[in-house]
Amino acid sequence: MVLANFMERSMLPEQYKNLSTAEMEDRIRAIKQKFGDTLLIPGHHYQRDEIIQFADTIGDSLQLAQVAAANKKAKHIVFCGVHFMAETADMLTEDDQVVYLPDMRAGCSMADMANIYQTEEAWIELQKLFGDTIIPLTYVNSTAAIKAFTGRNGGACVTSSNAKTLVQWAFTQKERLFFLPDQHLGRNTAFDLGVPLEHMAIWNPIKGELEYDGEDIEQIKVILWKGHCSVHEGFTIYNIREVREKHPEMKIIVHPECSREVVALSDDNGSTKYICDVIENAPAGSSWAIGTEMNLVKRLIATHPDKHIISLNENMCPCLTMNRIDLPHLLWALETIDNNEKGNIIQVDQKTTAEALLSLERMLQHS
Ligand code: 13P
Ligand code: SF4
């Protein structure tokens, strides 16, 4: 019954399936005009162009969380991104501000790699091994329940833009970090801050056990959840070799959700915003291979015709879940609001919100 309701709420109604692009765009424009600044459409950089054209604010996860926390005017926030971002926006906004996700199926495969039951189980086992020496840090790409777990255990959220600062802060609090759910962001960030790979272990949530090759677990400083982004893990050292061979002049820049090997062989790495800024400020005529989500890479190619830009992996697909938000779903979400109907609302319960805010606010303080 619950599943049936969810499926029903997720299904695009028939009347939105065969509209022309021009008609959908006109109707979206009309609603935006009608609602003015009581409607806010945040758009993540990885969204399709057809959506980005209607975004009031475009940013990476950190920027969009900051915008949500600061905005007090919008009564309706139609979040064009993925589920965990809309949950974060809901928790950071006031009770009378409603957050909507145009397609409820727009999740994140990385966030789905960690659930709260596995997390609680891991915590119990890690406490047995290490006692009270660990602080949890969760990438915002996680459920509200995991953010709440992190908050009540003294930890913080991080995004790829502030991970270094938060990891540094976390080491002032405790001797060890438990970083979830992205092993790559955790490993790359800790490594850049001087933690040797031999001092990092992996928590395998499927087996419920610690994976560590070393002899003395006392040496472990960082415990990485065994999760990853299926988009960024698609960039390989073979892609790097190919680019180096075909375009020796090219600089390679990648997102830190890529594997350690890929990051190590690249010329530079950083968050989505960092990548956008580097390309923006690069001299005309410079050449770049970018290892991040395809909608963004294509947009960077289109907006910087004076630079030679390619994807590090030309066969890479866009993030499938980000891509679920399209014109028909955006129009549907907006017309649901306009018709005073309830639909596609993201609402985190009060207890989870209160605890998750502890971790989100610690993150925002250190950003
Ligand atoms: P950032 O927006 O923090 O760079 O994260 C990238 C990402 O994968 C979002 O889902
Ligand atoms: Fe999740 Fe990766 Fe898609 Fe971001 S790009 S939403 S981390 S699957």
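The values are calculated or read from the model by the stated rules, or taken from the named source; none is laboratory data. Because the structure is a prediction, the values reported are computed rather than measured. A quick note on method: Cβ atoms are made from the backbone with ideal geometry, for glycine too, and the neighbour counts reach across all protein chains shown. What goes into the accessible areas is simple: the full protein's heavy atoms, side chains included, and nothing from ligands, DNA or RNA. Shrake-Rupley method; radii C 1.70, N 1.55, O 1.52, S 1.80 Å.
Assign unit charges at the C-beta atoms only (+1 for Lys and Arg, -1 for Asp and Glu), then state the dipole size of the stretch 36-129 relative to its Cα centre in Debye, rounded to the nearest 20.
140
Which listed residue (232, 337, 348) has the Cα farthest towards the positive end of the charge dipole for the stretch 216-367, taking +1 on Lys and Arg C-beta and -1 on Asp and Glu C-beta about the Cα centre?
The listed residue farthest towards the positive side: 232.
To the nearest 20 debye, what charge dipole does the stretch 26-85 have about its Cα centre, counting +1 at the Cβ of each Lys and Arg and -1 at the Cβ of each Asp and Glu?
In debye, rounded to 20, the stretch 26-85 gives about 320.
Solvent-accessible area of residue 206, probe 1.4 Å, all protein chains present, reported in Å² to the nearest ten, please.
Its heavy atoms expose roughly 150 Å² to the probe.
Using a 1.4 angstrom probe on the protein heavy atoms only, could you order 274, 238 from most to least accessible area?
Greatest to least solvent exposure: 238, 274.
Place the peptides 153-165, 65-77 in order of packing, highest mean first, counting for every residue the other Cβ atoms within 10 Å and averaging per peptide.
Descending packing order for the listed peptides: 153-165, 65-77.
So what's Rg/Rh here for the stretch 4-150, counting alpha carbon atoms and using the Kirkwood radius for Rh?
Result for the stretch 4-150 is an Rg/Rh of 1.05.
For the chain, just the Cα set please: Rg and Dmax, both in angstrom.
When restricted to the Cα atoms of the chain, Rg and Dmax are 20.9, 65 Å.
Could you compute how much accessible surface residue 14 exposes when probed at 1.4 Å, giving the result in Å² to the nearest 10?
Approximately 130 Å² for this residue.
In whole Å, what is the distance between the alpha-carbon centres of the stretch 329-366 and the stretch 163-181?
27
Tell me the per residue accessible area of the stretch 1-129 using a 1.4 Å probe; a whole number in Å² is fine.
48
Between residue 57 and residues 5 or more places away or on another chain, which pairs have amide H atoms under 5 Å apart, with H built 1.01 Å from N, and which residues are they?
For residue 57, whose amide H was placed from the backbone, the distant partners under 5 Å are 41, 43.
Where in the stretch 315-330 does the amide nitrogen come within less than 15 Å of the point 7 Å from the Cα of residue 246, taken along Cα to Cβ?
So the set is 315-317.
What's the magnitude of the charge dipole for the chain around its Cα centre, counting Lys and Arg as +1 and Asp and Glu as -1 at the beta-carbon? Answer in Debye, nearest 20.
Once rounded to the nearest 20, the dipole reads 440 debye.
Taking all protein chains as present, what is the carbon and sulfur share of the accessible area of the chain, in % to the nearest whole number, probe 1.4 Å?
Roughly 51 percent, rounded to a whole number.
Going Cα to Cα from residue 164, which aspartates and glutamates come in below 17 Å? Please leave out same-chain ones fewer than 8 positions away.
Reachable aspartates and glutamates: 60, 175, 182, 192, 257, 268, 361.
With θ set to phi - 60°, apply the Karplus curve 6.51 cos²θ - 1.76 cosθ + 1.60 along the stretch 331-343 and write out the HN-Hα couplings as whole Hz, x wherever there is a Gly or Pro.
These are the phi-based 3J(HN,Hα) values: 4, 4, 4, 5, 6, 4, 5, 4, 8, 6, 9, 9, x Hz.
For the full complex of protein chains and a 1.4 angstrom probe, list 241, 324, 176, 299 by accessible area with the highest value first.
Listed by decreasing accessible area, they come as 241, 324, 299, 176.
With Cβ to Cβ distances under 13 Å as the rule, what net charge do the other residues near residue 286 carry (K, R +1; D, E -1)?
-3
Compactness ratio of the stretch 313-367: Cα Rg over 2.2 N^0.38 Å, N = residue count?
Compared with the compact-globule rule of thumb, the stretch 313-367 sits at 1.71.
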